[in-house]
Amino acid sequence: MTRWHTLTTESPNSKGFLILDQGVDWSLYLKNPVLLLEHSWGEEPIGRVVDIHQRKHGWVGRLEFLPEAEHLKCKYDKGTLSCVSVGGVVKKWSSAKKNGVRVAACFQVFEISLVLEPSNPDALPCSSVF
């Protein structure tokens, strides 16, 4: 069974900016929807994220783990490794700030990673079913 997970919201991240919900570009990610561990681009994927869609407060999706990553799925299910982070690049900055924080008007997602600490503090498993 897969659970819903918040992938990104408009909360300021640890990099000092926020990503507008309407500015998230999933086009490249959807061509190769990999779930990595800790943004390790040179390593094998541990799964993928499916059913990505926008909700009232950000983007959500369901994490699916590969059989060989069962040990990571167990940690995820137990809540000991339960954060994600979107990896990508800012394609366009907004000229306006939001609450004093720099705003990415367009962010191209390349991958999603299971991480110990998320850049976006809201990138956690969802508490409700969608």
- Item | Members of the range 56-70 found to be touching an Asp or Glu at 6+ places or on another chain (Cβ under 9 Å) and among the basic types (Lys, Arg), listed by number | ARG62
- Has the range 91-98 got at least one residue that is touching a residue at least 40 places away in the same chain (Cβ under 8 Å) and either over 25 Å from ASP25 (Cα atoms) or touching a Pro at 6+ places or on another chain (Cβ under 9 Å) (or both)? yes
- Message: Restricting to the range 41-96, name every residue that is within 15 Å of PRO118 (Cβ to Cβ) and hydrophobic (A, V, I, L, M, F, W, C).
- Response: VAL49, TRP59, VAL60, LEU63, LEU81, CYS83, VAL84, VAL86
- From the set of residues in the range 43-70 that are modelled with pLDDT of 95 or more and small (Gly, Ala, Ser), which is farthest from the chain's Cα centre (by Cα)? ALA69
- Message: Against the condition exposed (fewer than 12 other Cβ atoms within 10 Å of the Cβ), over 12 Å from the mean Cα position of the chain (by Cα) and farther than 16 Å from ALA123 by Cα, how does SER40 come out, does it pass?
- Response: no
- Query: Pairs, please: C-beta under 7 Å, at least 6 apart or cross-chain, first residue under 18 Å from HIS39 (Cα atoms) and in the range 105-130, second of a type in the set (D, E, K, R) and at pLDDT below 95?
  - Reply: SER119/LYS15
- Would it be correct to say that ASN32 is loosely packed, with under 13 Cβ neighbours inside 10 Å and not aliphatic (A, V, I, L, M)? yes
- Message: Take the residues in the range 71-96 that are among the charged types (D, E, K, R) and surrounded by 12 or more Cβ atoms within 10 Å (Cβ to Cβ); name whichever of them is modelled with the lowest pLDDT.
- Response: ASP77
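The values are calculated or read from the model by the stated rules, or taken from the named source; none is laboratory data. It should be emphasised that the depicted structure is a prediction, and the values quoted were computed from it without experimental measurement. Please note: Cβ atoms are built from the backbone with ideal geometry, for glycine as well, and neighbour counts cover all protein chains shown.
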